[in-house]
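Data first, discussion second: the structure below is written as structure tokens.
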Amino acid sequence: MASQWVDLRDLKFLLNEVLNIGENLLGKGRYKDHDVDMCNMVLDQAAKFAEAEIAPTYPDEVHRKPVEATYDNGKVSTPEAYKRLWNLYCEGGWISTAESYEVGGQSLPVCLAAACNHMFLGCNQSFALYPSLTHGAARLMEDFFQHPLRDVVIEKMYSGQWGGTMCLTEPGAGSDVGALKSTAKKNADGTYSIVGTKCFISSGDHDLTENIIHPVLARIEGDPNGTKGISIFMVPKIRFDEKGKLTEPNDVYCSGIESKMGLHGNATCTLNFGDNGKCIGYLMGQERQGMQIMFHMMNEERQGVGMMGASLATAAYLHALDYAKQRLQGQSVTATAAKGENVPQVPIIQHPDVRRMLLKMKSITDGIRALCLFCYYCMDNEFNAVLEGNDEKKEYWHGMIEILTPLVKSYGSDMGMEVCGLAVQTYGGYGYCREYPVEQMMRDQKINTIYEGTNGIQALDLLGRKLGMKKGVNFMNLIGLTQAAIAEAKANENLKNDAEIVEGALNACAATASAFTQMMKTTPFVPLIAASDFLNCLSDALLGWLHIWMANIAVKKLPKAASEQDKAFYNGKIHGAKFFINRITALAPAKLDTLKKDEQSAMNISEDAFAV
Ligand SMILES: Cc1cc2nc3c(=O)[nH]c(=O)nc-3n(C[C@H](O)[C@H](O)[C@H](O)COP(=O)(O)OP(=O)(O)OC[C@H]3O[C@@H](n4cnc5c(N)ncnc54)[C@H](O)[C@@H]3O)c2cc1C
């Protein structure tokens, strides 16, 4: 029976048949010690761990009793099941799968580690956020914490003895990080005294680890306002010596956790730093480099959040599919017409509208999963280019990541939300009830559109920074990259029309991008109002490309399929591609034409006219 939690077959297809990591990555450079068998084994183990150990901890209610992180007088406790799970997770080495041997990792490809993480996140995002943030913070320490304490910090974090967070947000500084009020004052010994309050800090305090390392943004006294004056500090919950021995508390206090729509197992904390004037921080990088450095972690987390969108979408879709095969309701359209009354009920998967929902969910999920993994694959290529000392290649892959990151984060989470909504719809009234997990998945999914920079902020990043970066070269490289798969599909009668639709949509995106660049100088509100819709149209077009790429492979492999299961899989890829391209990508050019029109009602309407 197919899994209701993970799509292992599709992950293997993406890594082995689409990205072809066996030829393109393994056995060379950073991945010289690994081969396809080894990577498939890691994926199998991850799938087993995800389904057998993580998925059973998912429900945020058992026998109508909440399973959630709790707060009591300064102490944060995670759900009981998380403690054993955390230990298993660390023993399995899952925090540092893709890290280098020098820091205790396994030096496996980033796209493989991401595929494993995809399964973990889909089985319980609340739990998986604890190790994900620990990993992100550890990477930041590895790259930017130049201090005698560095080695012990990264060893403890990658092994899971200590946790990690990211501390940007303050009550008055959400999207506008530059408005933060936390301060840092230099001490005679070179450390800094940190004072401030951070809110909404995921995994900010908990009982899974003996210590927690907080990368904290703060302004050194006298430094300029705005993002330019921000520095970043390594602030431990408990101080420690160079051997990692814990010494004394560091005046970091959790004053409460949020009561939220979803993600109940993850503690979203308000953290007070230095209420008693005794919080010590260590500068990372140079003074006033805080935003530049934090962006390294933010980009990793943004890619991770897009993956969270794809992960929950996968689990929601697979649950809905299973339900649709079992739920009997209504008669078959053809049978009703033929036989009149007393016709038996059929599983709802036989109804055209339910099949529409299922194929929409499948094609979106397959597409955003491919988009996320492709972005991680770009990172692997960048790593290898650095090792080769090939600057041109490095710039090429880095540019690709720059432009893909806002798309991965925003589209992955928005479309993930749409899939969760469709999954609830497929269950009908039962989907709205706590008895079935899709209700929780929809609640958990929503946060992915908000944190790590809201999706509105991602759209502005794409339009205002990423499209024009390096005079548009990154964007044009991305469009250029799509051409080979489109050309291959155009030569195949079965895929020709679909390929032309994708080509038309990508051309329309390129034309709109250049029109918007001009409009930013004349009628800036037009592109600014359109930014989110433009990001979505570009993603609709790019997912069309990824679907064409996948369909090209499926068309070739279908006649030689080794089993009925493989045959069904490749057929599914072709139908999914056709559905997505004809029902979603095909609409992009018309939408883009509309977006370019000088329609500024959103700005022209006065504030009191929104509601009287
Ligand atoms: C569960 C949870 C976990 C979180 N985890 C963390 C964490 O671990 N670390 C951390 O530092 N933060 C964390 N956050 C904070 C999160 O990143 C912020 O909530 C988010 O960045 C938005 O900030 P805000 O809530 O203040 O909303 P606001 O910034 O007030 O935004 C409100 C609305 O206005 C829009 N908006 C704001 N400014 C602009 C603009 N200039 N142009 C266009 N639109 C704009 C936004 O898109 C949004 O729709 C978390 C939040 C939650 C809810």
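We did not get these values from a lab; they are worked out from the coordinates using the rules stated. These numbers come from a predicted model, not from an experiment. Here the Cβ positions follow ideal geometry from the backbone for every residue, glycine too, while neighbour counts run over all protein chains shown.
Can you give me the Cα centroid spacing of the range 367-393 and the range 460-517 in angstrom?
If you average the Cα positions of each part, the centres end up 19 Å apart.
Quick check for me: using +1 on Lys/Arg Cβ and -1 on Asp/Glu Cβ, what's the dipole size of the range 71-202 about its Cα centre, in debye to the nearest 20?
On the way: 10 positive and 12 negative charges, 70 e Å.
Using Cβ point charges on Lys, Arg, Asp and Glu, the range 71-202 gives about 340 debye.
Please list, ordered by chain and number, the residues whose modelled amide H lies under 5 Å from the amide H of PHE200; skip anything fewer than 5 residues away on the same chain.
Under 5 Å from the amide H of PHE200 lie the amide H atoms of CYS269, THR270, each far enough along the sequence or on another chain.
Which value, in debye to the nearest 20, gives the size of the charge dipole of the chain about its Cα centre, when Lys and Arg are +1 and Asp and Glu are -1 at the Cβ?
Values: 59 positive and 71 negative charges, 186 e Å.
The calculated dipole for the chain is roughly 900 debye.
5 Å is the cut-off here: which amide hydrogens, built 1.01 Å from N in the peptide plane, fall below it relative to HIS214, excluding neighbours closer than 5 in sequence?
Those lying under 5 Å, H to H, from HIS214 are VAL235, LYS237.
Cα gyration tensor of the range 376-466, axes a ≥ b ≥ c as square roots of the eigenvalues: rounded (a/c below 1.5), prolate (a/b > b/c) or oblate? Could you put the intermediate results ahead of the total?
Details: a/c = 4.25, a/b = 2.43, b/c = 1.75.
Taking the square roots of the gyration eigenvalues as a ≥ b ≥ c, the range 376-466 is prolate.
Order 178-185, 546-553 from most to least packed using the mean count of other Cβ atoms within 10 Å. If you can, show how the numbers build up before the last one.
Working: 178-185: 19.1, 546-553: 24.2.
Result, highest mean Cβ count within 10 Å first: 546-553, 178-185.
Where does each of MET291, MET603, MET157 land when they are ranked from fewest to most other beta-carbon atoms within 10 angstrom? List each step's numbers first, then the result.
Details: MET291 19, MET603 11, MET157 30.
Least crowded to most crowded, the residues run MET603, MET291, MET157.
Go through 98-105, 577-584 and give me the packing order, highest mean Cβ count within 10 Å leading.
Working: 98-105: 16.2, 577-584: 21.4.
Ranking, from highest mean packing down: 577-584, 98-105.
From the square roots a ≥ b ≥ c of the eigenvalues of the alpha-carbon gyration tensor of the range 482-603, which class results: rounded (a/c under 1.5), prolate (a/b over b/c), or oblate? Before the final figure, lay out each step's value.
Numbers: a/c = 3.79, a/b = 2.77, b/c = 1.37.
Note, shape of the range 482-603 comes out prolate.
What is the sum of charges around HIS135, taking Lys and Arg as +1, Asp and Glu as -1, for the other residues whose C-beta is under 11 Å from the C-beta of HIS135?
-3
Restricting attention to the range 132-225, which GluC sites (Glu not before Pro) occupy a DSSP loop and are surrounded by at most 15 other Cβ atoms within 10 Å? Intermediate results must be reported in sequence, preceding the final value.
Numbers: sites: GLU142, GLU155, GLU210, GLU221; in loops: GLU210, GLU221.
Taking the range 132-225 and a limit of 15 other Cβ atoms within 10 Å, the loop GluC sites (Glu not before Pro) found are GLU210, GLU221.
Which whole-number percentage describes the relative contact order of the chain, with Cα contacts under 8 Å and a sequence gap of 6 or more?
Numbers: 1055 pairs, mean separation 73.8, N = 612.
Relative contact order comes out at 12 percent.
Over all directions, what mean area does the Cα convex hull of the range 141-196 project, stated in square nanometres? Numbers along the way, then the final one.
On the way: hull surface 20.8 nm².
If I average the Cα hull's projected area over directions, I get 5.2 nm².
Nearest 10 degrees is fine. How inclined is helix 125-144 to the longest principal axis of the chain, computing both from alpha carbons?
50 degrees
Pairs of Cα atoms under 8 Å, at least six residues apart: use those to get the relative contact order of the range 251-388, whole percent. If you can, show how the numbers build up before the last one.
Values: 93 pairs, mean separation 24.3, N = 138.
In percent, rounded to a whole number, it is 18.
Compute from the Cα atoms of the chain the Rg and the Dmax, the latter being the longest Cα-Cα distance, and quote both in angstrom.
Looking at the chain, its Cα Rg and Dmax stand at 24.7, 90 Å.
Of TYR376, PHE525, GLN303, whose Cα points farthest to the positive end of the dipole of the chain (charges on the beta-carbon: +1 Lys, Arg; -1 Asp, Glu; origin at the Cα centre)?
PHE525
Given 20 °C and 1.002 mPa s, compute D for the range 435-538 with the Stokes-Einstein relation, Rh being the Kirkwood radius over Cα pairs; round to the nearest whole µm²/s.
Numbers: Rh = 16.0 Å.
Using the Kirkwood radius from Cα pairs, D works out to 134 µm²/s.
Based only on other Cβ atoms within 10 Å, what is the fewest-to-most ordering of MET469, MET415? Provide the component values of the computation, followed by the final result.
Numbers: MET469 13, MET415 26.
Fewest to most other Cβ atoms nearby, the residues stand as MET469, MET415.
Charges at C-beta only: +1 for Lys and Arg, -1 for Asp and Glu. How large is the resulting dipole of the range 482-603 about its Cα centre, in Debye rounded to 20? Intermediate values should be presented prior to the final figure.
Numbers: 13 positive and 12 negative charges, 53 e Å.
That gives the range 482-603 a dipole magnitude of about 260 debye.
I'd like to compare 507-515, 222-230: which one has the highest average count of other Cβ atoms within 10 Å, and what's the full order after that?
Numbers: 507-515: 17.6, 222-230: 14.9.
Descending mean neighbour count gives 507-515, 222-230.
Could you check the simple spin-label distance between MET41 and ALA188, using points 7 Å along Cα→Cβ, in nm with one decimal?
A separation of 5.8 nm, rounded to one decimal place.
Helix 564-583 versus the longest principal axis of the chain: what angle, 0 to 90°, nearest 10, using Cα atoms?
On a 0 to 90 degree scale, this one is about 90.
Charges on Cβ only, +1 for Lys and Arg, -1 for Asp and Glu, centred on the Cα centroid of the chain; of THR405, ILE54, ASN604, which one is farthest towards the dipole's positive end?
ASN604
Return the subset of LYS228/LYS394; LYS237/LYS393; LYS83/LYS198 for which the Cα-Cα distance in this structure is over 31 Å, preserving the input order.
From LYS228/LYS394; LYS237/LYS393; LYS83/LYS198, over 31 Å: LYS237/LYS393.
So what's the net charge close to THR512: Lys and Arg +1, Asp and Glu -1, counting the other residues with Cβ under 13 Å from its Cβ?
On the way: positive: LYS591, LYS596, LYS597; negative: ASP533, ASP540, ASP593.
Summing Lys and Arg as +1 and Asp and Glu as -1 gives 0.
Kindly write out, for the range 23-29 in residue order, the coupling ³J(HN,Hα) from the Karplus curve 6.51 cos²θ - 1.76 cosθ + 1.60 (θ = phi - 60°), rounded to whole Hz, with x marking Gly and Pro.
Per-residue couplings from phi come out as 8, 8, 10, 6, x, 9, x Hz.
Does the range 163-291 come out rounded, prolate or oblate, given a ≥ b ≥ c as the square roots of the eigenvalues of its C-alpha gyration tensor, rounded meaning a/c under 1.5 and, failing that, prolate meaning a/b above b/c? Write out the running numbers ahead of the final one.
Numbers: a/c = 1.94, a/b = 1.11, b/c = 1.76.
Cα axes put the range 163-291 in the oblate bin.
From Cα pairs below 8 angstrom and at least 6 apart in sequence, can you work out the relative contact order of the range 90-149, rounded to a whole percent?
23 percent
Take the alpha-carbon centre of the range 429-445, take the same for the range 239-316, and report the distance between them in whole Å.
Here the two parts' Cα centres lie 29 Å apart.
In the range 1-89, which trypsin sites (Lys or Arg not before Pro) fall in coil by DSSP and have 16 or fewer other Cβ atoms within 10 Å?
Working: sites: ARG9, LYS12, LYS28, ARG30, LYS32, LYS48, ARG64, LYS75, LYS83, ARG84; in loops: LYS28, LYS32, ARG64.
Of the trypsin sites (Lys or Arg not before Pro), the ones in loops of the range 1-89 whose Cβ has at most 16 other Cβ atoms within 10 Å are LYS28, LYS32, ARG64.
Sorted from fewest to most neighbouring beta carbons within 10 Å, what does the list THR405, THR585, THR57 look like? Spell out each step's value before the answer.
Details: THR405 23, THR585 27, THR57 20.
Lowest count first: THR57, THR405, THR585.
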